[in-house]
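The values are calculated or read from the model by the stated rules, or taken from the named source; none is laboratory data. The structure presented is a predicted model; accordingly, all values stated were derived computationally and were not measured. So basically every Cβ, Gly included, is an ideal-geometry build from the backbone, and we count neighbours across all protein chains shown.
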Amino acid sequence: MPDKYIVYEREENNIAYVRTIYHNPIPDFEQENGMYIESIPTAETPEGMYPVLMVNTETKELYYNYAALPEPPVTRDEIVEQVTELKQAIGELTIMIATPQS
């Protein structure tokens, strides 16, 4: 008997993403939208991407789709730096406007 059990969601054309993996499930473990599998492939994740484990529910083939990682949130230090740069630019523009042109 296989030692892994997967639960999947959003099946479309026999393709679904794997939501949960149970290792060494109890005997006769069954859940809706689930199946026993032999092994899980290793992800070969490209830089800037993350793996999404998929399953063909008809053939029980597991594979990965890769999605782009979201941009990291802006840190407080980055915001402070940007505000400082903007204040400096405003000061320089104010001086340029206030200085008479010859």
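Test Tyr36 against the stated conditions and say whether it is within 30 Å of Pro70 (Cα to Cα) and surrounded by 14 or more Cβ atoms within 10 Å (Cβ to Cβ). No. Entry remark, the stretch 1-30: residues being surrounded by fewer than 15 Cβ atoms within 10 Å (Cβ to Cβ), of a type outside the set (A, V, I, L, M, F, W, C) and more than 26 Å from the chain's Cα centre (by Cα) number 6 in total.
For the stretch 42-73, the candidate set comprises residues that are surrounded by 10 or more Cβ atoms within 10 Å (Cβ to Cβ) and among the β-branched types (Val, Ile, Thr); within that set, the residue that is farthest from Glu32 (Cα to Cα) is Thr45. Within the stretch 1-32, the set of residues being at pLDDT below 90 and closer than 15 Å to Thr59 by Cα comprises Glu11, Glu12.
Looking at Ser102, is it under 24 Å from the mean Cα position of the chain (by Cα), at pLDDT below 95 and either in a loop (DSSP other than H, G, I, E, B) or surrounded by 11 or more Cβ atoms within 10 Å (Cβ to Cβ) (or both)? Here the answer is no, as Ser102 does not meet what is asked.
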